[in-house]
Amino acid sequence: MVGATRILITRPGHDPLSANHRKACYFYCVKSVKGVPTSETVEPPSKKVKLSEPAKTKKTALTQKERDSNRQIKAEWFDSHKWLLYDKEKNLFFCLDCLAAKKDNIFTKGKDASVPKKDDLTRHQKTEDHQLAAGGKQASLRMLKARTSTDNKAKESIVAAMKATLWMAQEDVPNVKFGSLVDLQLENGAKSLRILEKEDGSFHYTHHTSVEDLRACMVAVVEEEMLMEVQEAELYSLEAVEAIDCANKSVLIVYIRYLGHDGTPKVRFLGVRELEMTTSDAIAKTLHRLLEAKGLNKSKMVGLATDGASVMTGVNKGITTQFRREVPFLVTSHCMAHRLQLAAEKAANQVPLIGKYIETLNCFASAVKFSAKLIRTIEQSQKLHTGQTKKIKEAFFTRRLSLCDGTQAIAGCIPAVLSALEKATTEGKAKLRGLANDMGSYKFIYLTHFLADAVGLLGILSKLMQVATPTYQHLKDGVDNAVVSLLALKEVKGTCGFLEKLDGTFPATAPSSGKSDWEDHFIKDTAKQREQVKEAVDLFLEMLVTHLQSTFPDHDVMSSFDIFQPSLNLPKKDVKDKLDKLLWMYGRQKKKGRVTHERLVDPDAAKTEWKLLSPVIPKYSTMKELYTSYVRMNSEAYPNLSKLLQIVLTVTVTSVNCERGVSRYTAIKTSARNCLKVESMDELITLSLEAPPYKEFPYDLSFRMWHLNRNRRAYRQMLRAAEEECKNDEINIHPSILYTPLYPH
């Protein structure tokens, strides 16, 4: 190693000979030894230089290009700069605040991130553009917070108004009561409705048109939910009934039946429409318009049930006939509940003694209805004899076999009734003397107990048919069981129900005196009466069984679905014939007019599926359980038989739901509210029958629909009122910001 060289550097104005100067001017001297850079320290003169010590190596400084190539994007930059955005595909940095404020700078166009530097981010954060953008963002957040606060107050008021509107619709309260209801709620401390109040003491949105607007939005939510379910179910059936309201307007009430999400049948109110005329063409046109308004495809209809009116079931121009010409796989049916009433009425009309009995019973019910004194007397007599009171009812074969209720009600209180009539006649009620003579006879007493049993069986069958979602197989089994029970009642009299209680209370033969002592009353009892009663009872039972069997014949298509009935053990030949009928109905391409409809099932594939499914059917109790618990879960394995089960569960065979709709219609539109339009009735019935309770209704959906419906000036006034209530809050912004709705129109 070459020895170190001492270099002396002098400056102008400095004494090169001074000690301090000489000490400060010793520097490192670098020499190259065999191409390797080395460095040595030149010690001050006072210190001894160690020449034998090895020289220390100095690191080479990196160039700017080398330093830039080693730079990387660090995760902590995004924590310290929340506004930073990195586009990996383009390798660019962006500023979210500047982009939102629409500034024009390098961070809105895209800052190249090839050489990432933290200083670039720091310098941008200090620029005027970024400061203004960040300040505007904070201001907009404060504006949004204040705007949301006021909008929530106004929304809360509208939702409270919707709750009151829904409650009124479900409780049959007229719209004119809405203002007083709001006033009452305010008196009771309902703060959410305070914003509805105007300066003059009146309220926003309390006019009947505003209430109708709120109601229409809730109806739209209910209908949309129902129609979405129908679209998912694909197949549906209809129930349609014509009725006349208290204003003498003819209306058509329609219900729809389909399979819900869980595979069980559901019946919903579809709509009510006013009929310009009651002809079959006018009704069919109205029904077509209703289906179009609801967005329902007619080709997906598989069932149509109506009452027995000729305009509905006429062979040439009836509604069912017209729809069968257009809809390929439609099964039409005359309501089985109506047919039951017709069968009972026809049987009674063929027995004069039964007709005379019904006339007597109705005369007594009418006398009780218009005589308060007679009612009190009967009630007192009932308490003495039985300890309880029963209401006397009129008897008709229509109105869902009210004869059953009428006979059973009076069968248990005939002694009390006779006591009341005797007391009334002694007090001068001469008009009741003939009624007392007719009811105080063996003929009346026996027929009362007999009809309480016979028609009671039909009453049970009628209630079975009034189930919301019955199936044809279930009701047909009920009819067959009723026929068997009536035949048993014909063979063994006096041992069933009410007749059993009467057995033994009269002598075996009629007394020669013509009177029997029964329950402390002398009753007319002659051999002629007993003979007439026996003939009338036998004839009535015979006619009743005959009409039941003729009124409920086997429906070719519907009875073919018996192959899916687990309770039936059909012969193999019958199973094959019924399956072939179903495949002939639903396994062929059909052409209606100019439209060709594809088949619903593949016959060959369905026969193969049947071989696998038939052993499984007896494991379940009903067709509904078979479908929901097994076939629906394995629809990929049984696509064709699954479709057949969907059809049988969807087809409706009664129109009792429409009868309920008629009852709801008459309960809402009374003589005091006979000016209600049919359109309003449609909304009221929908909310009354189909909407959930007012505590569970999805008001957010209806409010959004109401808000987007139109530009509402009164709502903006409510926002101003809400802003006044929020003026003491920490948020202090310009009020004009608050008047812009959150939801754009």
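The values are calculated or read from the model by the stated rules, or taken from the named source; none is laboratory data. The structure displayed is predicted, hence computed values, not measured ones. When we count neighbours, we look across all protein chains shown, and the Cβ atoms used for this are built from the backbone with ideal geometry, even at glycine. Just the protein is used for accessible areas: all its heavy atoms, side chains included, with ligands, DNA and RNA removed. Shrake-Rupley method; radii C 1.70, N 1.55, O 1.52, S 1.80 Å.
Brief remarks follow.
- Accessible area of segment 248-357 belonging to carbon and sulfur atoms, whole % at 1.4 Å probe: 48
- For segment 361-375, putting each phi into the Karplus relation 6.51 cos²θ - 1.76 cosθ + 1.60 with θ = phi - 60° gives couplings of 4, 5, 5, 5, 4, 5, 5, 5, 4, 10, 9, 5, 5, 5, 4 Hz, in residue order, rounded to whole numbers and with x for Gly and Pro.
- Heavy-atom accessible area with a 1.4 Å probe sorts D554, D602, largest first, into D554, D602.
- Annotation: amide H-H contacts under 5 Å for G271 (H modelled 1.01 Å from N, sequence separation of 5 or more, or interchain): V254.
- Flagged links, alpha-carbon separation over 23 Å, of K90/K117; K153/K198; K88/K118; K581/K619; K356/K490: K581/K619
- Sorting L353, L541, L708 by accessible area puts them as L708, L353, L541; the probe is 1.4 Å, largest comes first, and only protein heavy atoms count.
- Backbone amide hydrogens, once placed in the peptide plane, bring G260 within less than 5 Å of K266, excluding anything fewer than 5 places away on its chain.
- Hits among aspartates and glutamates - C-alpha to C-alpha of K501 under 15 Å, sequence gap 8 or more where chains match: D453, E519
- Net charge of neighbours whose Cβ lies under 14 Å from the Cβ of P511, counting Lys and Arg as +1 and Asp and Glu as -1: +2
- Surface analysis of segment 236-335 yields an accessible area of 38 Å² per residue, using protein heavy atoms and a 1.4 Å probe.
- Y357 sits with roughly 10 Å² accessible to a 1.4 Å probe, with DNA, RNA and ligands left out of the calculation.
- W518 accessible area, assembled protein chains, probe 1.4 Å, Å²: 20
- Within-15-Å neighbourhood charge of D604 [Cβ basis; K, R +1; D, E -1]: +3
- Per-residue surface analysis assigns K369 an accessible area of about 140 Å², computed on protein heavy atoms at 1.4 Å probe radius.
- Shape call, segment 148-279: gyration tensor on alpha carbons, a/c limit 1.5: oblate
- Backbone phi angles across segment 236-242, fed through the Karplus curve with coefficients 6.51, -1.76 and 1.60 (θ = phi - 60°), yield HN-Hα couplings of 7, 10, 10, 10, 9, 9, 8 Hz in residue order; Gly and Pro are listed as x.
- GluC sites (Glu not before Pro) restricted to segment 632-708 and DSSP loop, no more than 11 other C-beta within 10 Å: E636, E696
- Karplus-derived HN-Hα couplings along segment 191-196 (A = 6.51, B = -1.76, C = 1.60, θ = phi - 60°), whole Hz, x at Gly and Pro: 5, 5, 8, 5, 5, 5
- Ranking E292, E225 from most to least accessible surface, computed with a 1.4 Å probe over the protein chains only, gives E292, E225.
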